[in-house]
Amino acid sequence: MTSAETSASPRAAPREPTAALSRLLALVGVVFVIASFFLPVWWVALKAPNYPEHTFPDGVRIEFHVDGVRNGCKLRVSKEVLEKEALDCVHEMDTINHFVGMFPIASGGPVEKVFSPFLFAFLALLAIGFVTPGRRLRLAAMGVGFAAVAGWMTYAMFLPGGASALGRGYVAALVDSLGRSENETGADANESPIVKQLRESLARSGIQVGDEPVARASATAAKSELIDTLKKTYERDAKAAAWTGSGLQLMTWHYAKSLGRWFNEPERNGRLVSIMTNVAYALYAGLLIAMALFLWMARDARRPWFWALILTPMLLPFGFVVEYGGWLWWYGHSLNAMGAFTLKPFMPTVFGDGKVAQFSTHSYPALGFAMMCASFVAFAAAALARRRALLIDEES
């Protein structure tokens, strides 16, 4: 343990401004990490002659958040066109993709999306621990924080009613996705069961949404109403086990529904669901082990591995790009033969502009990714400031 950690000795005085700067920069980085969770991180758009600019000014655009995919098409305002709701470009892109045998967008990253709040909280706690002065205070702060995240994650994923502890954005995305799949089986979108259930739930709360589609309704509903809608939809599945409302049950059921939306292949889809279920258990165990490991590494700030506390959250933007690119690869290399057209496996555009058939593709970072990059800069500056403080100690 360093003298700077145990007492306020005269040697500590010269380092204090630099140490305070390190703490401030780390906290700024944590704010950027939290902001990136709620903002779109990346966007993708498809453009083609049959999607004219006056109807799709930004093309068929979707936005990727860490906990789900959102509609990227904006409400058009013009004298010629009157719209009450923006075009549903997630549904439109799914429709385009399924013709070439591509799985729905909602089937990508099921484990990462549901675990995202726990992962982001874990990264934030690492950064806070890195700049917390004093061994005892640091271990206490990290220990309490890790225990809270572990309890939250355990309840949300595995205990009855745990889905109520998941983020509202994640739950709303599940409802939107199921609403789209139900809509495609009937002539009237307003008569789809999940839309009807959600509208009735809102009416009981005194909120009237009239004939608005499910995307508008889910934006208005409380999280409890969204979960109740998912529960009723789940219970319509005759083969489903009894509803418990755990996050794991919700994730696996929705993933299976998404995989079978266009391509009803129970055996193949069942294997994928089994793999993702095992990945969820592995990630849960891995996070618990990582918490214990980082708590051990935080005991002594003099050891080289202590710097992993700040280096790990610094990797967030790089980790997202790797994860995003990996799932794009999966989409392009898991094409189903049941598609209307046959394409050779391909790698969708990760960054920049590309072309697939008559479509031009555009894939670029959004504001959330800028926040991730800003967190990298802030954390790197915090690490350098702390390093400078240590050098001052050595020279004093």
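General observations
- Test for residue 209: is it part of a loop (DSSP other than H, G, I, E, B), in contact with a Leu (Cβ under 8 Å, 6 or more places away or on another chain) and either assigned by TED's automatic domain parsing to the domain that holds residue 71 or modelled with pLDDT under 90 (or both): yes
- Of the candidates 293, 309, 288, the single residue that is assigned by TED's automatic domain parsing to the domain that holds residue 136, buried (at least 18 other Cβ atoms within 10 Å of the Cβ), part of a helix (DSSP H, G or I) and at pLDDT 95 or above is 309.
- Residues of the stretch 352-385 satisfying the condition of being within 13 Å of residue 321 (Cβ to Cβ) and in contact with a Gly (Cβ under 7 Å, 6 or more places away or on another chain): 363
- Qualifying residue in the stretch 137-150 (condition: assigned to a helix (DSSP H, G or I), basic (Lys, Arg), modelled with pLDDT of 90 or more and over 30 Å from residue 333 (Cα atoms)): yes
- Residues that are of a type in the set (D, E, K, R), farther than 23 Å from residue 31 by Cβ and in contact with a His (Cβ under 8 Å, 6 or more places away or on another chain) are absent from the stretch 129-136.
- Residue ranges of strands (runs of 3 or more DSSP E) in the stretch 14-73 with at least 2 members crowded, with 20+ Cβ neighbours inside 10 Å and aliphatic (A, V, I, L, M): 42-47, 60-65
- Odd one out for residue 7, checked against (1) within 21 Å of the chain's Cα centre (by Cα); (2) surrounded by fewer than 16 Cβ atoms within 10 Å (Cβ to Cβ); (3) at pLDDT below 85: (1)
- Just one residue in the set 253, 262 is in contact (Cβ under 8 Å) with a residue 24 or more places away in the chain, closer than 30 Å to residue 96 by Cα and hydrophobic (A, V, I, L, M, F, W, C); that residue is 262.
- Residues located in the stretch 347-378, provided they are in a helix (DSSP H, G or I) and touching a Pro at 6+ places or on another chain (Cβ under 6 Å): 368, 372, 373, 376
- Members of the stretch 226-284 that are in a loop (DSSP other than H, G, I, E, B), surrounded by fewer than 17 Cβ atoms within 10 Å (Cβ to Cβ) and small (Gly, Ala, Ser): 238, 240, 241, 242
The values are calculated or read from the model by the stated rules, or taken from the named source; none is laboratory data. Only a predicted model underlies this, so the values are computations on that prediction, with no experimental measurement involved. Because the Cβ atoms are built from the backbone with ideal geometry, glycine has one as well, and the counts that use them run over all protein chains shown.
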